[in-house]
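Quick notes on the structure that follows.
Every number here is computed from the coordinates shown, using simple stated rules; none is lab data. All values derive from a computational prediction rather than experimental measurement. So basically every Cβ, Gly included, is an ideal-geometry build from the backbone, and we count neighbours across all protein chains shown.
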There are 2 protein chains.
Amino acid sequence: MKVALSLLGFLSCAAAGLWPYPAVYDTSNATIAADRPLIVAMNSYSPLLNGAISRYTDIIAKERFTPPADYKLKAPQTSGELGRLLVEVESDSEDLNMETDESYTLDIPAGGDASLKAKTVYGAMRGLETFSQLLDTLEGKRVIRDTPVHIKDQPVLAHRGISLDTSRNYYPVSLLKHTLDAMSYNKINVLHWHIVDAQSWPVESKTYPELQQNGAYGKDMQYSYSDVRDIISYGQERGIRIIPEFDMPGHMYIVGETFPKIVSCMDKQPNWDKYAAEPPSGQLNIAKTDASDFAIKLINEYTKLFTDEVFHLGGDEVNRNCWEEDPDVKEYLKTHNNATVETLLSDFYTKVHGAVKNQKKIGMSWEETLFHSEYVPPKDTLIQTWIDEQSIPKTVQKGYRSIASPASAYYLDCGHGAWLPNFDGNSWCDPYKTWQHIYKFNPWANVTEAERKLVVGAEVALWSEQSDETSLDNYLWPRSAAMAEIAWSGRTDSKGHVRTPEEVVQRMHDQRFRMVGRGVNAEPLQPLWCARNPGHCLLP
Amino acid sequence: MKVALSLLGFLSCAAAGLWPYPAVYDTSNATIAADRPLIVAMNSYSPLLNGAISRYTDIIAKERFTPPADYKLKAPQTSGELGRLLVEVESDSEDLNMETDESYTLDIPAGGDASLKAKTVYGAMRGLETFSQLLDTLEGKRVIRDTPVHIKDQPVLAHRGISLDTSRNYYPVSLLKHTLDAMSYNKINVLHWHIVDAQSWPVESKTYPELQQNGAYGKDMQYSYSDVRDIISYGQERGIRIIPEFDMPGHMYIVGETFPKIVSCMDKQPNWDKYAAEPPSGQLNIAKTDASDFAIKLINEYTKLFTDEVFHLGGDEVNRNCWEEDPDVKEYLKTHNNATVETLLSDFYTKVHGAVKNQKKIGMSWEETLFHSEYVPPKDTLIQTWIDEQSIPKTVQKGYRSIASPASAYYLDCGHGAWLPNFDGNSWCDPYKTWQHIYKFNPWANVTEAERKLVVGAEVALWSEQSDETSLDNYLWPRSAAMAEIAWSGRTDSKGHVRTPEEVVQRMHDQRFRMVGRGVNAEPLQPLWCARNPGHCLLP
């Protein structure tokens, strides 16, 4: 029988909640013992698959998860015992990109061997995560409830991401890996690495080694080539793509510390607000060929280091005044009759997006490049929207693919107050985005059925003015999980009913406690009493 | 010379910031080496003093603190070398209460032995913390700058506290101890332990063992007698008083799980909001002698376990409707002509406050007991205000002593959004209370000079609906430090100038990074770039 979603939150005897919820999830009523699940690859010698099996074997060996609502349940009678989980993968390809098939089918009989089938190793990884979530421990006894279980699953959105800013404050490599682990528990498949910004340049450059030498916060706050490769591999082993962002031409103050001649309006004080969204100000000088040459060389270097097909060029919060007051820009405009700041910016974008194209990569940009400049990006450019929720339908109306990151719903740093010491006000994007709010956001609002396929992704974002390694888990979890379910499962169940936070809160508790058990400091949603007493903590 | 406070934030060559700022802090311009400071007790065999010396010897041995603004400074020339720190304590008394003298005098000459003198061991502990903060490490070399240093220091408020709710969610004993350590780094001297509430009863009772057996979240989520004594000792070793709160007659649902006959309006659903501020509803039945007898027995037990002179009886958010609809209360009122819910409540307070008095303790109450009931508390009752900032002047006008905990400034849980899954709104006390906001709050506003001495304390509060051990440090730190400076140092410098967040942000960064170095996950205030570039991240 199919479990009605609206009931799941209230049946304290139901199996632990799967998160995100599978596309098809058929269950019955047998409980089987699953003491020592053995996972076996049937037809693949892929190191990626074997690595994933070994990882989940380890997770499962350690995990004893009891859903909070089941804390008083006695060990159940079992009517059978799980045999092995047999994993079959169809394709040998290990390509990981926007087209990668992540579907899987998982069948757990009421006894004997279970089966996990997937087109790719990445689909198998998603199925392994689901399998691990099916195991409950009740009064010390590990079981799978509601068998036979039949799950057929695939994501609604190809790009399900977290954007992390490692420039305002630094995060150690070990913590990025920890985050990749946490992402994999939620089937999130993109780490959008906003690796540099105005404040620091943590990443190694072989073309311009001074950037890191002068721009990293310290020798212990850097990402070497080897670190980056390590993170990319670690991501791939979990089916997670690493998309780097080199934000240009704005947010470039730190480059000017090394190359002052190619950066305009360096750290203007005290009126930085005329030149940048936050201090320190500084943008690549678009009147100078040296500046675009610099940008192209960086692109040529980093499109090789970062192996993903997508390369993010930033393009947000470009400040015209920074250039209008720049003496070199002024001089250039004087001597070039048809040139304006807008044509210069457009020319700059033509060059840098062209450089990305030359490297056979897909460009990604913040929405300003499309909406607030005269430049027309290549049609395959991924447009990441943040300013206005309506930018999503506007993007797809223009025929571009959209990655939804509205500040109003998906900015995880909001609600923490202002961080300028002489301003006792709220965050610019106040209030705090609760998991309920994130869950209720609709990336497809005002998008027609025909344009729907152009909404390809959703990404929550953590800007790090007020966060660093001391607080990362709390900011990301469990809120990113709310986005993850919308992006993987969509907003509706198989009957077209839009799931509400009220209906899913119990599964969300399960996922939160599961993550805590796996070492992720995900914040509690409620008093434990509420997690244990479904339906007793609702607004009347 | 006296360092002008307003300059401190901008002199990157100044010594590391002391937090909280001392009452008198005279400095000069000699830098001395302080590689292996030796701390020696001159005239005391107090285990408390020896323990504190050993603790700070250990902290100092491990700590290599470089103020963020000094990250590029070279190792300085030194003109002398620190000898020993000689600690003298005047009194043998180890009493720790509201009257305890925490003053100290610290003299660091430009070479040779330094001196720390205090009336009590607790004053010596405060001075040891200050001493530890004077040590800077520049390019690997440990120094004390600006010597000779003369510090004469004492707190403005006797009661400087953090209130922590361990009922909505549980915090392990080890984390409470960690918090006591963090408090000692900020000269915070009261842990107001809101130990029980409606959701759980973690603390052992010998009178009613069932309370903990049925009411604790689990065997691993309890505080035994031995745990409590351990925490009290750990606090005393750091000069921190542990004031327990047993909140009554409201917030008592969990008691009704064991003793349903003495609790009214147990877990009313779904309209719990008619009976309580949050689910689950439940108040001691004030019409029943069994209920007040129960309360008195608890008080008799816990006033012995908790050794502090102050005992908090709660008294917040009492809901009249809970009783007006209670059949036993109705019956009582029918048969007792002059009785009303108000007289019953007043009688209840008379009994429980009387019980506290019988145990020779000072009662403490939330402001509703004084302002929203007919009861007149004993004149020595400490009134903790939270509803309205104006409750502070109102309290002292009535001749009571005030502990300031306004939700509008001091509630650390605010700004995290609603926690009822079907309500996508803000916290009731939105927005988030930033450190700037906390720092700017004036506990003495509208209090006359004559009444000023009745403002005896300030307490930030963390209510734990949305926090537990995964997030405690982030919620508490560094924001509690902002309160700590106001409570210890007052709002003004020696010239009467009100310190602003802008002026103190650099010292606040120092304290935050110092705490991180000591293992406290205090959140960053700003990008590290801002901490390193004083004055560059201000609102124009």
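To the nearest 0.05, what FRET efficiency results for B:Lys177 and B:Glu63 with a Förster distance of 22 Å applied to their C-beta separation? The computed FRET efficiency comes out at 0.70. Can you check what the net charge comes to around B:Tyr225, using other residues whose Cβ is under 14 Å from the Cβ of B:Tyr225 (Lys, Arg +1; Asp, Glu -1)? With Lys, Arg at +1 and Asp, Glu at -1, the net is -1.
Overall, the anisotropy analysis places region B:257-321 in the prolate class: the square-rooted eigenvalues a ≥ b ≥ c of its C-alpha gyration tensor yield a/c not less than 1.5, with a/b exceeding b/c. With an a/c value of 1.5 or above and a/b not larger than b/c for the gyration tensor axes a ≥ b ≥ c computed over the alpha-carbon atoms, region B:385-506 is described as oblate. Take A:Pro327, move 7 Å from Cα toward the beta carbon, and the resulting point lies 9.0 nm from the same point in each other copy, nearest first.
Prolate is the label for region A:105-214, because the ratio a/c of its alpha-carbon gyration tensor axes (a ≥ b ≥ c) is 1.5 or higher and a/b is greater than b/c. Applying 1/(1 + (r/R0)^6) with r as the Cβ-Cβ distance of B:Glu99 and A:Glu139 and R0 = 56 angstrom yields a FRET efficiency of 0.60. Using C-alpha pairs below 8 Å separated by at least 6 residues, the relative contact order for region A:379-533 is 21 percent.
Angle of helix B:121-134 to the longest C-alpha principal axis of chain B, folded into 0 to 90 degrees and rounded to 10: 50°. By the Cα gyration tensor, chain A has an equivalent ellipsoid whose semi-axes, rounded to whole angstrom, run 45, 24, 21 from largest to smallest.
Among beta bridges identified by DSSP and lying wholly in the protein assembly as shown, the antiparallel ones come to about 35 percent.
Label points 7 Å out from Cα along the Cβ direction at B:Asn321 and B:Ser224: separation in nm? My value for the distance between the label points is 4.3 nm.
Using alpha-carbon positions, what is the distance between the centroids of region A:186-231 and region B:134-168, in Å? A separation of 35 Å, based on Cα centres. Summarising the strand pairing of chain B, around 35 percent of its internal DSSP beta bridges are antiparallel. Computed from label points 7 Å out along Cα-Cβ, the spacing between B:His497 and A:Asp293 is 5.0 nm. Helix B:173-184 axis versus longest C-alpha principal axis of chain B: approximately 50°, rounded to the nearest ten.
For chain B, the longest principal axis of the C-alpha atoms and the axis of helix B:47-62 are separated by about 60°. Taking amide H as placed 1.01 Å from N in the peptide plane, A:His192 has its amide H under 5 Å from the amide H of A:Ile162, A:Ser163, A:Leu164, A:Ile243, each at least 5 places away in sequence or on another chain. Listing A:Asp113, B:Asp107, B:Asp326 from fewest to most neighbouring C-beta atoms within 10 Å gives A:Asp113, B:Asp107, B:Asp326. A simple charge model with +1 on the Cβ of Lys and Arg, -1 on the Cβ of Asp and Glu and nothing else charged puts the dipole of region A:157-315 at about 180 debye relative to its Cα centre. Considering region A:250-376 at the alpha-carbon level, its Rg and Dmax are found to be 14.3, 43 Å.
List, in the order given, every pair from A:Lys433/B:Lys394; B:Lys177/B:Lys261; A:Lys268/A:Lys334; B:Lys357/B:Lys394; A:Lys379/A:Lys495 whose Cα-Cα distance in the structure shown is over 26 Å. Walk me through the intermediate numbers first.
Working: A:Lys433/B:Lys394 37 Å; B:Lys177/B:Lys261 37 Å; A:Lys268/A:Lys334 24 Å; B:Lys357/B:Lys394 24 Å; A:Lys379/A:Lys495 35 Å.
Flagged as over cut-off: A:Lys433/B:Lys394; B:Lys177/B:Lys261; A:Lys379/A:Lys495.
Sparsely packed loop sites in region B:115-205 (the GluC sites (Glu not before Pro) outside DSSP H, G, I, E and B with at most 16 other Cβ atoms within 10 Å) comprise B:Glu139. Could you tell me the distance between the Cα centroids of region B:44-114 and region A:256-295, to the nearest Å? Each part's Cα centre sits 46 Å from the other's. Please name which of A:Val396, A:Val87, A:His159 has its Cα lying farthest along the dipole of chain A towards the positive end, using unit charges on Cβ (Lys, Arg +1; Asp, Glu -1) and the Cα centre as origin. Result: A:Val87. Its relative contact order, with pairs defined as Cα atoms under 8 Å and 6+ residues apart, puts region A:169-276 at 32 percent.
Each copy carries a label point for B:Pro260 at 7 Å from Cα toward Cβ; from one copy, the others' points are 7.9 nm away, ordered from shortest. Taking other residues whose beta carbon is less than 14 angstrom from the beta carbon of B:Ile60, and scoring Lys, Arg as +1 and Asp, Glu as -1, yields +3.
If you plug the beta carbon distance of B:Asn214 and A:Glu210 into 1/(1 + (r/R0)^6) with R0 = 51 Å, you get a FRET efficiency near 0.20.
Net charge dipole, region B:71-221: roughly 620 debye, given to the nearest 20, about the Cα centre with Cβ charges of +1 for Lys and Arg and -1 for Asp and Glu.
Of the residues B:Tyr171, B:Tyr185, B:Tyr275, the one whose Cα sits farthest towards the positive end of the charge dipole of chain B is B:Tyr185 (charges of +1 on Lys and Arg Cβ, -1 on Asp and Glu Cβ, taken about the Cα centre). Taking the label point 7 Å along Cα→Cβ, A:Glu81 and its counterparts in the other copies are spaced 7.2 nm apart, in ascending order. Any chance you could list P(r) for region B:312-463, counting all Cα-Cα pairs in 5 angstrom bins from zero, rounded to whole %? P(r) over region B:312-463, rounded to whole percents: 2, 9, 16, 16, 16, 15, 12, 9, 5, 2, 0, 0.
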